[in-house]
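Values in this text are rule-based calculations from the coordinates and carry no lab data. On a predicted model such as this, the values are computed, not experimentally measured, just so you know. All Cβ positions, glycine included, derive from the backbone under ideal geometry; neighbour counts span all protein chains shown.
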Amino acid sequence: MVNNAGFGMPGALEDVSREALRRQFEVNVFGLMELTNRWVPVFRRQGFGRVVNVSSVVGCMALPFMGAYSASKFAVEALSDALRVELSPDGIGVILVEPGPISTRFSSRCAGEGEAALPTENSRFGEAYLRYFEKRRNGGMAEDRFRLPPSAVAEKIRRALESPRPKIRYRVTLTAHLGCWAARALPASWIDRMMAAHVKKRFG
C-alpha cells in the first residue's frame, strides 16, 4: 500500500489555529496511520506486505512558515521508523519516500489553505502572506527551478514496492538529498542562520 494523501498548511505557527493544526495532522498523520493499521492484519495473514509512506524533505529539516506541515512529516518519519521494526518479524516492510519540490498542484493548494485559514488581516505577516500566496500560484518560488515531474516520485515508489531488498528511504530531487544531508551533517546554528536568511528574503 502507498500512503500519498496529504496537503501543506502554510503560515507562521503563531497564526496557525488549533483547528488548522489538527486538520493538518488528521490528513497527513492520523489518516495514514489508521489506513495502515487496517491493512496490517491482511499483510500478516498472507505473510508479507509493504507499506510506502510518502514523507518530504521537510520531514528531515523543518521549514519556517511551513511548521505545521513539517511537524506532520516529522511525525510520519517517526511512525515509519517505529513501525518498520515492529512489523519486521511478520515480513512486512515499511519504506519512506522523501520528495523535494515536485510539479503538482501541491503549491497552489498550499496557497488556498493559507488563504482560508490564516488571519491575514490581523497578522504582522499579512502582506507577506499575500505575496507568498501569489508566488505559490504563479511559479515564483525559489525552489521551482529544482522541481521534478510526478513520474520521478512514482519511479521511487515503484522501486520501493518491487525491489527484493528495498532501501529504508528513497529521496527525490537534489533539494531532498541536500536538505536531509544538511540536517544530519551541519550544526543546528548554521541551519538556523540559513533559514533566517531565507525567511528574511521571502517575508522581510
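For region 68-136, just say rounded, prolate or oblate: build the C-alpha gyration tensor, square-root its eigenvalues into a ≥ b ≥ c, call rounded for a/c under 1.5, and beyond that prolate if a/b exceeds b/c, oblate if not. Here region 68-136 falls in the prolate category.
By the rule of a C-alpha distance below 22 Å, with chain neighbours fewer than 8 residues away ignored, the lysines paired with residue 73 are 156, 167. Of the residues 155, 121, 14, the one with the fewest other Cβ atoms within 10 Å heads the list, and the complete ranking is 121, 14, 155.
Over the C-alpha atoms of the chain, the Rg to Rh ratio, Rh being the Kirkwood estimate, stands at 0.99.
Of the residues 50, 23, 165, the one that moves most in a GNM of the chain with alpha-carbon contacts below 10 Å is 165. Taking the Cα centre of region 1-57 as the origin and placing charges on Cβ (Lys, Arg +1; Asp, Glu -1), which of 6, 41, 56 is farthest toward the positive end of the dipole? Going by the Cα projections, it comes out as 41.
Of all lysines in the structure, those lying under 22 Å Cα to Cα from residue 135, and not within fewer than 8 positions of it along the same chain, are 200, 201.
Taking other Cβ atoms within 10 Å as a rough exposure proxy, 61, 9 sort from fewest to most as 61, 9. Note on region 19-82: Rg/Rh from C-alpha atoms, Kirkwood Rh, equals 1.06. Among 168, 191, sorting on how many other beta-carbon atoms sit within 10 Å of each Cβ, with the fewest leading, yields 168, 191.
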